[in-house]
1. Between helix A:67-77 and chain A, what is the angle of the helix's C-alpha long axis to the longest principal axis, kept within 0 to 90° and rounded to the nearest 10?
2. Hey, what angle do you get for helix A:485-502 against the long axis of chain A, alpha-carbon based, 0 to 90 degrees rounded to 10?
3. What GluC sites (Glu not before Pro) in the stretch B:41-135 are in a loop by DSSP, with at most 14 other Cβ atoms within 10 Å of the Cβ?
4. Between A:His150 and B:Thr205, what is the label-to-label distance in nm when each label sits 7 Å out along the Cα-to-Cβ direction?
5. Which whole number gives the average, over all residues in A:127-138, of C-beta atoms from other chains lying within 10 Å of the residue C-beta?
6. Other chains' Cβ within 10 Å of A:44-52 residues: what's the mean?
7. Looking only at other chains, what is the average number of their beta-carbon atoms within 10 angstrom of each beta-carbon in A:103-114?
8. Could you please state, rounded to a whole Å, how far the C-alpha centre of the stretch A:346-425 is from the C-alpha centre of the stretch A:289-322?
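Please treat every number below as a calculation from the coordinates, not as lab data. For clarity, every value in this text was computed on a predicted model and none was experimentally measured. A quick note on method: Cβ atoms are made from the backbone with ideal geometry, for glycine too, and the neighbour counts reach across all protein chains shown.
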Amino acid sequence: MSDIRSLSYDVVVIGAGGAGLRAAIEASAQKAKVALVCKSLLGKAHTVMAEGGAAAALGNVMGEDNWRVHFRDTMRGGKMHNNWRMAQIHAQEAPDRIHELEAWGALFDRTPDGRINQRPFGGHTYSRLAHVGDRTGLEMIRVLQDKGVHSGIDVHMECTIVRLFVVGGRVAGALGYFRETGRFVLLRAGAIVLATGGIGKAWQVTSNSWEYTGDGHALAYDAGAELIDMEFVQFHPTGMVWPPSVRGILVTEGVRGEGGVLKNSAGERFMFRYMPDMFKGDFAETELESDAWVKGDRKKNRRPPELLTRDVVAKAITKEIAEGRGSPHGGVFLDIASKQNPEFIKKKLPSMYHQFKELAHVDITKDAMEIGPTTHYVMGGVKVDAETQESTVPGLFAAGEVGGGMHGANRLGGNSLSDLLVFGRRAGLHAAAKRGGAPAIPDAEVEASMRDALAPFERDGENPFAVQSALQAVMQRNAGIIRDKAGLEVALAELDKLKGRASSVGITGSREYNPGWHTAIDLLSLLVVAEATARAALERTESRGGHTRSDYPDSDERQTREHIVIKKEGDRMAVRREAQPPLPADVMKLIQEGA
Amino acid sequence: MSETRRLRLFRGTRERGELKEYQVAAGEGMVVLDAVHAIQAEQAPDLAVRWNCKAGKCGSCSAEINGKPRLMCMTRMSDYPADETITVTPMKAFPVIKDLVTDVSWNYEVNKRIPAFKPRKPDAPDGTWRMYQFEVERPQEFRKCIECFLCQDVCHVLRAHDKHQEFMGPAMLVRAAVYEMHPLDVADRSEHLRQEGGIGYCNITKCCTEVCPESIMITDNAIIPLKERVADRNYDPLQWLWRKLTG
């Protein structure tokens, strides 16, 4: 084959955020020859944007905390839909992963006695998030990056994978292109870890960057792996709403963790009215009690209702806006200025202060922020084995956001940074154990994939950016935070038309760093994840966690712990239901009664 | 509320290029990166620009706006008079790949050679350490670095004199400072900073500090203390004698 570099590895890790870096470090520690593929430059992955912290039951701030409480919080926050074994492994191993980061140079904020400090967050019973101000993700990625570059890993920057090869039922390699040159690279390996993150770019209002086009979900799907829970998309309650150019940018839950309150246009703290039955008794019932908790008296008082789980808060905000009690630009108010002094706010939330000052001309130490829900995270993903993170395709692993099951129907804030450490390590470990035995990839398959990828250059077709923007509009309108049958059917019909448009887009210019071409390729992934989300959302006839159907507003007991499974069958996207194994009695007891 | 704004963008490669003018409808709160994206989506789909977070957190969209090194995502269009044409060019201290995208791989090579973090033995039997907030705050300032490389771009040693082979530049000195001032670190990087890092090339003009979007006091808090360390280590006769005696 001409026009292609061919390289052989034991393990190829696709994606270089926290999960990918942690997987690569672990595989390398197992003496595997490892390639780490970054869609952007190293250290720019979405993990840098994580703000609030990493959840781990270290018990440094509140000694009562332990893995059992963390596990219970995770299952209840996930509306009992989680893969319980993943949630258990996560709660048990997170503290070791955080301590390990410290051994690698992480500089977490400290308690007065010199240990890692922990902050309160939505859905967590105790103060549990190890953090660095409001830039925890940046700290984590820099530490992992430095550990990684001293681990002998081959890093391929600005390289996008377009296809996985499966030969005789086993993973055999991946085809990618370098943005700089537009040249292809074939990475041969018998073990591949997907760590590509999420799918947020399928919506208009999102906290996610351009990279989040669901590449890993689509690569796995095309390789024959199963996807689960794609209907469960997290709309983060607090994104910026004004000015228009910043709509969707994340405002950390840390604002509420540090005492920020939500108010409607009448000045009412409306969250007191939205207490779900499951959490009655766990949260403050008056402003007085809530304020006392914020001031530090946490033994006698309960948490503010603003710290309910994200699904609950996002839906409450949506309802307030819909009923006419929103802010001038279509959000509600998030106010920390009246609860904390300016020095405290600048110290604990420096990048929020900076972000609002620079982008919205709002001083958050003086005025309330205008916020509203923004597409943030997908709970669904590649179906994996809880212990090994291996998918239903032998040799193909998935870790972090691209993996499914851990978070159930709704993810707790802070559980993502710990998830990617815990399961990144496990994926790297088991991928390294699976090394060797990569089947040969037929040249014809590689050549056909390259031809497909280059096809847009041969066409005089539509601008790919126009198609991408149409897709985002369809999903925003019909598969957003509140869904119904009619809307989802419209979405599927529209997506079908968009498939046609995507396959006829045309590109001008050369192969060198050509964003039009990159978008034409990303579109193919977006179409897969958008369709998977819409199909799964149509199939689940109930409301649960991140999935809300206005035509089925309640949770349906019979659909508890039932996955919607998506799999490619020929050219068709097949949808089926699959019951999760029942929770063992001791696990059920733990969840119901606590530790 | 939208008005027409004019932008001049560099279009081209390492070999050749030109400034090309575009018009774009600018809405309220629009930043330069939004304008570049609008041009890309509607007029020039092959216009190369690097970006990720659009919130000043990833440091990808560095460029020169009217000749000043800035993040495009944190520069509002309204900061410039409505009748002014805004000129956006790639960072000058690095080779152009295409349009606004430069080859910054040199920084990654330099970083790889900085001696790795090496912690002291754990303080507690469970293998953990004790550090206090006042101790971690000093290196935490340097960890705010988002690796936008704007400080490298403005530094005259790199920008005007092209000393990339001899001088690691302010961004990488900040990187080394994280570990040099890390309460747990026991490695010594002063020889690396002096020889390979060429710290002596910095003559403290503080241009780097001025362009830092994270407001890191690069010169005062990172480079000057590192220079002092290197000087103590190499030129203090008492320290020199002590090292000779103690090996």
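1. The answer is roughly 80 degrees.
2. Helix A:485-502 sits roughly 40 degrees off the main axis of chain A.
3. When the GluC sites (Glu not before Pro) of the stretch B:41-135 are filtered for loop state and at most 14 Cβ neighbours within 10 Å, B:Glu84 remain.
4. Each label point is offset 7 Å from its Cα along the Cβ direction, giving 3.3 nm.
5. 2
6. The mean count of partner-chain Cβ atoms within 10 Å per residue comes to 4.
7. For peptide A:103-114, the averaged partner shielding equals 6.
8. 20 Å
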